[in-house]
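The structure appears right after this line, and notes come after that.
The values are calculated or read from the model by the stated rules, or taken from the named source; none is laboratory data. In this text, all values refer to a predicted model and were calculated from it rather than measured experimentally. No Cβ is skipped: glycine too gets one built from the backbone with ideal geometry, and neighbour counts run over all protein chains shown. Areas reflect the complete protein model, heavy atoms only, side chains present, ligands, DNA and RNA absent. Shrake-Rupley method; radii C 1.70, N 1.55, O 1.52, S 1.80 Å.
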Amino acid sequence: MTAKMLHTCIRVKNLTESIAFYENALGLKEVRRKDFPDFEFTLVYMAFEEGGFELELTYNYDQQEAYDLGNGYGHLAVGVPDVRALLKEHQAAGYTVTDLKGLPGEDPFYYFLTDPDGYKTEIIQDGAL
């Protein structure tokens, strides 16, 4: 069997704010959208320009409360060519980020970026893992 990962779905409270976050912080672009007004939800798929794996933002029209992320979700991960430079950009933009971190006994090579709904994305130096 040949299979490939297609997307990860996260539920967002404010679709416009979430799209702007993923566009500005990570360079993702909206590649398609499916609106279901009769069922009161919208799906927005975002990907990097080269395509491949997608992030699905699910927006439920009537969601008033922040979503409970629970303790089972970990994070998305994105590889970048210069983790230190991007960390500085994210800090300057006022995004919520951690300090640069490393695994025990290793030099720092990653940090976490938090979106408006509290989801974390690990930003990793390309080739570090």
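Residue ranking by accessible heavy-atom surface, 1.4 Å probe, largest first, among Leu55, Leu6 comes out as Leu6, Leu55. Diagonalising the gyration tensor over the Cα atoms of the chain and scaling each eigenvalue by 5 before taking the square root yields semi-axes of 27, 17, 14 Å, largest first. With the alpha-carbon atoms of segment 75-128 aligned to their principal axes, the span from lowest to highest coordinate is 31, 21, 16 Å, starting with the largest. Computed from point charges on the beta carbon alone (+1 for Lys and Arg, -1 for Asp and Glu), the dipole magnitude for segment 75-128 about its Cα centre is near 80 Debye.
When only the Cβ of Lys, Arg, Asp and Glu is charged (+1, +1, -1, -1), the dipole of the chain relative to its Cα centre reaches about 160 debye. Loop-resident chymotrypsin sites (Phe, Trp or Tyr not before Pro) (DSSP state other than H, G, I, E or B) in segment 18-116 with no more than 13 further Cβ atoms inside 10 Å of their Cβ: Phe53, Tyr61, Tyr73. Here segment 43-89 is treated as a sphere whose radius is the Kirkwood value from Cα pairs; by Stokes-Einstein at 4 °C and 1.567 mPa s it diffuses with a coefficient of 92 µm²/s. Near Thr96, once Lys and Arg are set to +1 and Asp and Glu to -1 for all other residues with Cβ below 10 Å from its Cβ, the sum equals 0.
Applying both filters, DSSP loop and at most 12 other Cβ atoms within 10 Å, to the GluC sites (Glu not before Pro) of segment 1-94 gives Glu40, Glu49, Glu50, Glu65.
Amide H to amide H, with H built 1.01 Å from N, Tyr111 comes under 5 Å of Lys101, Ile123, counting only residues 5 or more places away or on other chains. As a ratio to 2.2 N^0.38 Å, the alpha-carbon radius of gyration for segment 1-61 is 1.16. Taking 0.36 nm per residue of separation and subtracting the current Cα-Cα distance, fully stretching the chain between Asp107 and Tyr61 would add 12.2 nm. Here the 3J(HN,Hα) profile of segment 37-50, calculated from phi with Karplus coefficients 6.51, -1.76 and 1.60 at θ = phi - 60°, is x, 5, 10, 6, 8, 9, 10, 10, 9, 10, 8, 6, 4, 6 Hz, Gly and Pro shown as x.
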